[in-house]
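Throughout, read-outs are computed from the coordinates displayed, never taken from laboratory work. It should be emphasised that the depicted structure is a prediction, and the values quoted were computed from it without experimental measurement. In this analysis, Cβ positions are derived from the backbone assuming ideal geometry, glycine residues included, and neighbour counts consider all displayed protein chains.
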Amino acid sequence: MQKNYISLTVGAILVIIFGFMLFTFQVRQTEVAIKTQFGKVIVKENKAGIKPGFHFRWPWPINKVQKFDNRLQSSESAFAQKSTRQGETILIKTFVNWKIDEDNPLEFFKSSGGASTKAKTDLQ
């Protein structure tokens, strides 16, 4: 009888923890997130971005959460050889720093589909 009670308690605790993990998500300080419901972005108070902290959601396939790193991102191009009007050859290399807007990550999501690699190739 005692063994059955212990295993029932442990099982109930595991079910509660698993349920909590299904219905919550965390956005870290260095992230911004967008929540979609059946593929459509949920906009609250004219903002689609979700600030850092714990938040509730419905499990997949109802809600899906896309997280983006909102720290400063860097991208650089390869050296390109160009000629000036005077006939001199120069080497050009470009550096780009960019950051996702914390208040409106929806623009980044629409333009790149949420993929940072696509954003980097678009910049080049």
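Some points to look at:
- Highest-MSF residue in the chain out of I16, I100, I42 [GNM, Cα springs under 10 Å]: I16
- √(5λ) per eigenvalue of the Cα gyration tensor, the chain, largest first, Å: 47, 17, 11
- Here the dipole of the chain is about 240 debye; that uses its Cα centre as origin and unit charges on the Cβ of Lys and Arg (positive) and Asp and Glu (negative).
- Neighbourhood charge, 15 Å Cβ-Cβ cut-off, centred on I62 and excluding it, Lys, Arg +1 and Asp, Glu -1: +4
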